[in-house]
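The values are calculated or read from the model by the stated rules, or taken from the named source; none is laboratory data. Treat the numbers as computed from the prediction; the structure is a model and nothing was measured. Positions of Cβ are generated from backbone atoms using ideal geometry, with glycine treated the same way; all protein chains shown enter the neighbour counts. Heads up: the accessible areas ignore ligands, DNA and RNA and are worked out on the full protein's heavy atoms, side chains in. Shrake-Rupley method; radii C 1.70, N 1.55, O 1.52, S 1.80 Å.
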Amino acid sequence: MGERAFTETTQTSKPGLALPVDETGAPLIVHTSDLTKAYGDFVAVDRLNFSVREGDIFGLLGPNGAGKTTTILMLLGLTEPTAGTMRVCGFNSTRDPLNVKRIVGYLPENVGFYEELTGRENLQYTARLNGIPAQEAERRIESSLAQVGMLEAADKKAGQFSRGMRQRLGIADVLLKNPRLVILDEPTLGLDPDGVNQLLDLIVRMSRQQKITVMLSSHQLHQVQQICDRVGIFVKGRMVAEGNIEELWKQTLKGRRLIIEVQAVPQGQQTVTALQGIEGVEAVERSGEMLLLSCNRDVRDKIAKAVGDAGAALLHLRLLEHGLEDIYFKYFREG
Amino acid sequence: MHGLSAVFEKEFRDHCGSRRFMILFALICLAGLSAVYVAAQSIRSDLSSDSSTEFVFLKLFTSSSGVLPPFLAFISFLGPLVGLALGFDAINSEKNSGTLSRLLSQPLFRDSVINGKFLAGLATIALMLASIMLVISGLGLKLIGVPPSLDEMVRLIAFLLITIVYVAFWMAVSILLSVLFRQAATSALAGMALWIFFAFFMPMIAGIIANVVVPMNADPDTLTLLRHENVSQMASRISPTTLFQEATVTVLTPGIRTLGPVLVRDVIGMIPSPLSVTQSLLVVWPHMVGLVALTLICFAASYTKFLREEIRA
Ligand SMILES: Nc1ncnc2c1ncn2[C@@H]1O[C@H](COP(=O)(O)OP(=O)(O)OP(=O)(O)O)[C@@H](O)[C@H]1O
Ligand SMILES: [Mg+2]
């Protein structure tokens, strides 16, 4: 299934389409240089430089009004940049939007369907707009509906769909044209936790099985951090950090203290002394049932041993400052 | 190209299945059938007294007994309504429901969206008007029992074409308004305002313009009168409603020889014979060109606004 889709994808890519590459030689499916969009005096996107490697899931993260949607609209040729250039799948989105739209699927922020048509009829219209022959279209509609789990609901009028169903139908709609790149604007917005997980699963499956590059925007970090290979953090029209999550995290933590929460039994003075003895731990405090360790580096790997050596058992161990949230807030406050 | 045909196909199917279409169709059918019925009654009573049956079939569409206006008057009143109704939410409703950004992220030119919608509306209008004309001609034929001559048929087809162009003009206006205004209610209202302006206020404004350009004193001489009348007519021809009314009256009433003022000097020695079809068509040709030009202006304006507009969901 995945294999077939993959060969199709490469077949549809146009010859003579040379992707730019980064310093490691990885092909870049999106590449912008000094991309700028101003509305009058207001600069919504400010000299943006970033790239997305082919095959990655890239997360464009930033608070409301950061300029994520504006950037996406420019990438798709739906609005013109004030300055700067970009290449999407090798094409210039401003001058050649049609070629970009042929191979890029886009799920808008508030995706809408023709309410008086059924889900399936909506997809048929998309297929016709893409010039997919009828038979082939039926096949693709069937398979993309199956992928998003909408086969039963597809013959209901789109006006009756819930937010989650619309979002899934939107993904099916995007998959129809065998895209090489899929751009999802806030795909998890307004979904319940179950819905979010299902959708993220779907995105990962799409990316891994069909080798589709995915670029998604979000302001919900912990959701997105699970699935993104790389993220770009976007604040007030500027990309303040870009890289994989590990790297960003290390950067953020440089020179900052970490708090580690520990619970052990027994939790007497002996245990505390043992924990204080770990290199890198600066202080140990009690907070209710927990011990809070301030450290200058991540010492979680040493804690279990220290606790064991002190004759106690470790019940709980947690890094209080964790992941993207930290990175995000660091940049938000400073940005 | 597949973009344009896909949009056309979908929009045409939407129109034909829509309640809006049913209502308009029923309304015009009702107007047409009753107007022709009333006209046929009076024609029949005329026929028994006077044996001339020349152009009697055309009278079905133009004459009235005073109970109901003739079909021609109904159409010139309802036609704009049909055009406005088919286009007033063409673009803005798609913007508001979030389908436009999905549509425009497919590989088609933006003008294909407007063109596809316009052509679908045009096809709908043509279908609607042609079938109504057929139905009421059938009824008329049954009532008066005189079949139309070839001449009359050509005139009726010309009338149908002029009407289609006129309604299409109003649809182009309403598509433009749907590009300009975000709310469908606003664009519908703006369309109505324009329609009322052209139908009721334009003649008055044409008079005012003529008064300014050619001031009239208490006892104007013939030349001044003539110039005044000409200016007034020219000014009112800015209005598509005037163009349509002049054109259809000319086509359906062969007795009308010219649309401008006529001097007694010219009438002396004039043979009171009806114009031939070709002559009538020549008289209305500029009107057709005018209507098409106005339609194209609406298109140009829609393109200018829409083609570079940023579409946010
Ligand atoms: N047409 C416009 N005219 C003026 N300013 C605009 C226009 N469109 C967007 N903006 C501004 O540009 C900025 C970026 O908007 P954008 O929609 O790209 O943000 P976003 O990152 O997608 O936010 P969100 O998370 O809320 O979707 C915002 O401050 C917005 O107010
Ligand atoms: Mg946004």
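Key figures
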| read-out | value |
| --- | --- |
| Counted charge near A:THR69, where neighbours are those whose Cβ lies closer than 12 Å (Asp, Glu -1; Lys, Arg +1) | -1 |
| Accessible-area composition of the stretch B:119-237, carbon plus sulfur, in percent [1.4 Å probe] | 76 |
| Assigned charges on the beta-carbon of Lys, Arg, Asp, Glu; chain A dipole about Cα centre (debye) | 520 |
| Exposure of B:HIS2 as accessible area (Å², to 10), given a probe of 1.4 Å and all protein chains | 70 |
| Computed accessible area, B:LEU119, all protein chains, 1.4 angstrom probe, square angstrom | 70 |
| Extreme residue, positive dipole direction of chain B, given options B:VAL173, B:SER64, B:THR186 (C-beta unit charges) | B:THR186 |
| Cα gyration tensor, chain B - rounded (a/c under 1.5), prolate or oblate | oblate |
| Accessible surface of chain A, 1.4 Å probe, proportion on carbon and sulfur as whole % | 49 |
| Rounded if a/c under 1.5, otherwise prolate or oblate - the stretch A:53-165, Cα gyration tensor axes | prolate |
| For the stretch B:4-308: lysine pairs under 20 Å (alpha-carbon distance), excluding those fewer than 8 apart on one chain | 6 |
| Protein-protein interface of the stretch A:78-119, residues with accessible area decrease of at least 50 Å², isolated chain reference, 1.4 Å probe | A:LEU78, A:LEU98, A:LYS101, A:GLY112, A:TYR114 |
| Prolate/oblate/rounded label for the stretch A:7-243 (Cα gyration tensor, a/c 1.5) | prolate |
| Loop trypsin sites (Lys or Arg not before Pro), the stretch A:43-112, which have at most 14 other Cβ atoms in a 10 Å radius of their Cβ (DSSP) | A:ARG95 |
| The stretch B:4-308, accessible area per residue, ligands and nucleic acids excluded (1.4 Å, Å²) | 46 |
| For A:LEU35, solvent-accessible area (1.4 Å; no DNA, RNA or ligand), Å² | 0 |
| Relative contact order, percent, chain B [alpha-carbon distance under 8 Å, six or more residues apart] | 23 |
| Candidate aspartates and glutamates - alpha carbon under 12 Å from A:LYS302, same-chain residues fewer than 8 apart omitted | A:GLU279 |
| Cβ crowding within 10 Å averaged over residues, with B:144-150, A:139-145 ranked highest first | A:139-145, B:144-150 |
| Dipole axis of the protein assembly as shown (+1 Lys, Arg; -1 Asp, Glu on Cβ), positive-most option in B:PRO147, B:GLY207, A:HIS219 | B:PRO147 |
| Distance between modelled label sites at A:LEU320 and A:SER33, nm, 7 Å Cα→Cβ extension | 4.7 |
| Check: chain B dipole with +1 on Lys, Arg Cβ and -1 on Asp, Glu Cβ, in debye | 880 |
| Shielded by partner chains, the stretch B:282-313 residues - at least 10 Å² of accessible area, 1.4 Å probe, vs chain alone | B:ARG308, B:GLU310, B:ILE311, B:ARG312, B:ALA313 |
| Estimated 222 nm signal from helices in the protein assembly as shown, with DSSP H stretches of n ≥ 4 weighted -39500 (n - 2.57), rounded to 500 | -18000 deg cm²/dmol |
| Where B meets A: accessible area buried, both sides, 1.4 Å probe, Å² | 2600 |
| Percent RCO, i.e. relative contact order, over the stretch A:7-243, from Cα pairs under 8 Å lying at least 6 residues apart | 28 |
| Nearby aspartates and glutamates by direct alpha-carbon distance to A:LYS156 (threshold 19 angstrom, same-chain neighbours under 8 apart not counted) | A:GLU115, A:GLU116, A:GLU121, A:GLU138, A:GLU142, A:ASP173, B:ASP14 |
| Sequence of B:PHE299, B:PHE12, B:PHE77, B:PHE200 when ordered by accessible area, the most exposed leading, probe 1.4 angstrom | B:PHE200, B:PHE77, B:PHE12, B:PHE299 |
| Per residue, in Å², the accessible surface of chain A once ligands and nucleic acids are set aside, probe 1.4 Å | 44 |
| Dipole in debye (nearest 20) - the protein assembly as shown, about Cα centre, beta carbon charges: Lys, Arg +1; Asp, Glu -1 | 340 |
| Positions from the stretch A:121-158 whose accessible area shrinks by 10 Å² or more when the full protein complex is built, not the chain alone, probe 1.4 Å | A:TYR125, A:THR126, A:ARG128, A:LEU129, A:ASN130, A:GLY131 |
| Helix B:222-236 vs. chain B, principal-axis angle (Cα, 0 to 90°, nearest 10) | 30 |
| By accessible area with a 1.4 Å probe, ligands and nucleic acids excluded, highest first: order of A:GLU279, A:GLU261, A:GLU80, A:GLU285 | A:GLU279, A:GLU285, A:GLU80, A:GLU261 |
